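Take a look at the structure set out below.
What follows draws every value from the coordinates through simple rules; no lab data is involved. Values in this document were obtained by computation on a predicted structure and should not be read as measured data. Methodologically, a virtual Cβ is constructed for each residue, glycine included, from the backbone with ideal geometry; neighbour enumeration extends over all protein chains shown.
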Amino acid sequence: MASRFQRFLLPGFAFKAVVIGGGYATGRELAEYFLPSGPHGAIAGMLLAMVLWSLICAATFLFARRFRAFDYVSFVQALLGRAWIAFELAYLMFVILILAVFGAAAGALGEAVVGVPRFVGTLALMIAIALVVAFGNTSVERLFKYVSFLLYGVYIAFAVLAFAHFGDRIAATAAFHPGGLVTDQPDSPHGRVRAIKSRVYLGPAIGDLPPDAEATLRAKLDAAHVRYQIEHYDANHGYAVDDSEAYNEAAAEKHYAALDALFAAALRN
């Protein structure tokens, strides 16, 4: 039987991942369409977008349930009728256009980062896509899962950087199975903790925070007088992600309890 997370939260997270992956992952759209309206206008615009996407999400699930259309083809056929073929042709053209844009971006990144000709980066991306698709839906789903881990890991790193710059405005923060907190790069998150004013809770999984990295991080946090707690979880990376192979129910419940305790202590006033 599906858990409450799978029934009530996971569908929304999956829908959100599609929307963010399609248009909001870089944050460029927020800067382009929301922030020019000022702080209050930007927040109002984001709330409006949230409401609209929530309604679209709910309507999509209700439509799929009403017509028993639980796969892509049957859903599109039920939605568009005979026009679904024209839609698929248009969709295919857009996919080709998007892949061309991605290929050009990969070529430009390859040239800028490692100095290879542009066609090498573009060709490498095309080969990688072909290899993933060649192994079927299972490989695509697995890739999506690991990319999701990477996406949330990057968000955690962004959160640490945000705390460093706006730490006096934040009361509490938590990171579960985090990675990349201590690196040898000049912009490593651990080098910016001196601006953090909030309470901090870190719940690394097995291998997330090796002893030497933890010692370095603790030294920085202590020097900055940050109120923090590092609690290692005897579970693999991804233990709190309900639909991952690494999911650990005991660790997930523990992390919810830790988060509640942190917020209760930091936000009670």
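A few comments on the model shown:
- Solution diffusion estimate, µm²/s, Stokes-Einstein, segment 79-134, Kirkwood Rh from C-alpha pairs, 37 °C, viscosity 0.692 mPa s: 259
- Acute angle (nearest 10 degrees) that the helix 38-66 long axis makes with the longest principal axis of the chain, alpha-carbon atoms: 50
- Here the spin labels are modelled as points 7 Å beyond Cα on the Cα-Cβ line, and at D222 and A44 they lie 5.0 nm apart.
- Efficiency of FRET between D260 and L35 - r from beta-carbon atoms, R0 22 angstrom, step 0.05: 0.10
- Placing R0 at 35 angstrom, the Cβ-Cβ distance between I85 and A124 gives a FRET efficiency of 0.55 after rounding to 0.05.
- Cβ-Cβ FRET estimate between A134 and W53, R0 fixed at 41 Å, reported to 0.05: 0.80
- Anisotropy class of segment 25-66 from Cα gyration tensor, a/c 1.5 cut: prolate
- Principal axis extents of the Cα atoms in the chain, from largest to smallest and rounded to whole angstrom, are 65, 50, 43.
- Between E111 and V73, the simple spin-label model (points 7 angstrom out along Cα→Cβ) gives 4.1 nm.
- Spin-label pair L150/D212, simplified geometry with 7 Å Cα→Cβ offset, distance in nm: 2.6
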